[in-house]
2 protein chains.
Amino acid sequence: MTPMSEDVEIRMPSGTDDPLSDAEIQKYREEINRLDRVILDAVKKRSEISRAVGRTRMGSGGTRLVHNREVAIINQFRDELGDEGPGLASILLRLGRGRLG
Amino acid sequence: MTPMSEDVEIRMPSGTDDPLSDAEIQKYREEINRLDRVILDAVKKRSEISRAVGRTRMGSGGTRLVHNREVAIINQFRDELGDEGPGLASILLRLGRGRLG
């Protein structure tokens with residue numbers, strides 16, 4: 001896994017007189033593919049960890065879910081991503097429940 | 001941004017006789033928080049790039065969306081994440097359309 005390449009500068013086209021070139025579009029598409037790889041890997045790792053924690057909590061007599069923590073995560077994603085945030089957070093939380101959810 | 005710490009080993013508890021300790025749970029929760037940061041940053045960057053590309057494509061007389069590419073992304077997320085994959089991909093695609101969607 002390579003670190004996030006924070007050095008990719010996105011030139012925002014201002015309109016039809018200033019389009020991105022085909023080469024630029026190709027470069028950005030490759031960057032999107034790379035980011036999708038980062039997202040998928042992080043989502044898988046997150047799910048794996050969350051399932052292990054939930055399994056332990058149940059094993060020690062607790063609940064599988066901790067409601068307050070789930071609400072905090074949903075709120076964080078709303079704050080950072082807007083209206084799509086809660087839906088994304090809900091998917092992550094469901095993935096973290098595994099087969100039990 | 002730090003690189004993904006691939007060195008976090010998750011010890012999977014086998015059942016009630018082998019629970020994760022509180023310290024382990026705390027460590028894993030911190031790792032989940034770190035992964036959520038990675039996910040949020042990558043999603044924001046992806047959205048920014050996708051919006052720039054869509055703007056250019058429209059500016060040069062093309063369509064804002066490329067249907068085949070969207071289908072390929074949805075299929076990739078299904079292959080890697082299962083049933084929750086398409087929903088997650090759809091959110092990413094909507095975020096990449098920005099205000100225009």
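Applying the Karplus parametrisation 6.51 cos²θ - 1.76 cosθ + 1.60 with θ = phi - 60° to the phi angles of the range B:72-82, what ³J(HN,Hα) value in whole Hz is obtained for each residue in order, glycine and proline being reported as x?
Rounded to whole hertz, the list is 4, 5, 4, 5, 4, 5, 5, 4, 8, 10, x.
Using a 10 Å cut-off around each Cβ of peptide B:48-54, what is the average number of partner chain Cβ atoms that fall inside?
Across B:48-54, the average partner-chain Cβ count within 10 Å equals 6.
Using a label position 7 Å from Cα in the Cα→Cβ direction, what is the ascending list of nm distances from B:His67 to the same site in the other copies?
Counterpart label points of B:His67 in the remaining copies fall at 4.5 nm.
Once a ≥ b ≥ c are taken as the square roots of the eigenvalues of the Cα gyration tensor of the range B:22-97, is the result rounded (a/c under 1.5), prolate (a/b larger than b/c) or oblate (a/b not larger than b/c)?
Oblate is the answer for the range B:22-97, as a/c is 1.5 or above yet b/c matches or exceeds a/b.
Taking a cut-off of 24 Å between Cα atoms, list the lysines near B:Lys27, but don't count ones fewer than 8 places away on the same chain.
Within the straight-line limit of under 24 Å, B:Lys27 reaches these lysines: A:Lys44, A:Lys45.
Taking the Cβ of each residue in A:Glu9, A:Glu48, A:Glu30 as the centre, tally the other Cβ atoms inside 10 Å and list the residues starting with the fewest.
A:Glu9, A:Glu30, A:Glu48
Laboratory data are not the source of any read-out in this text; all were calculated from the coordinates shown. What you see is a predicted model; the values in this text were computed from it and never measured. Please note: Cβ atoms are built from the backbone with ideal geometry, for glycine as well, and neighbour counts cover all protein chains shown.
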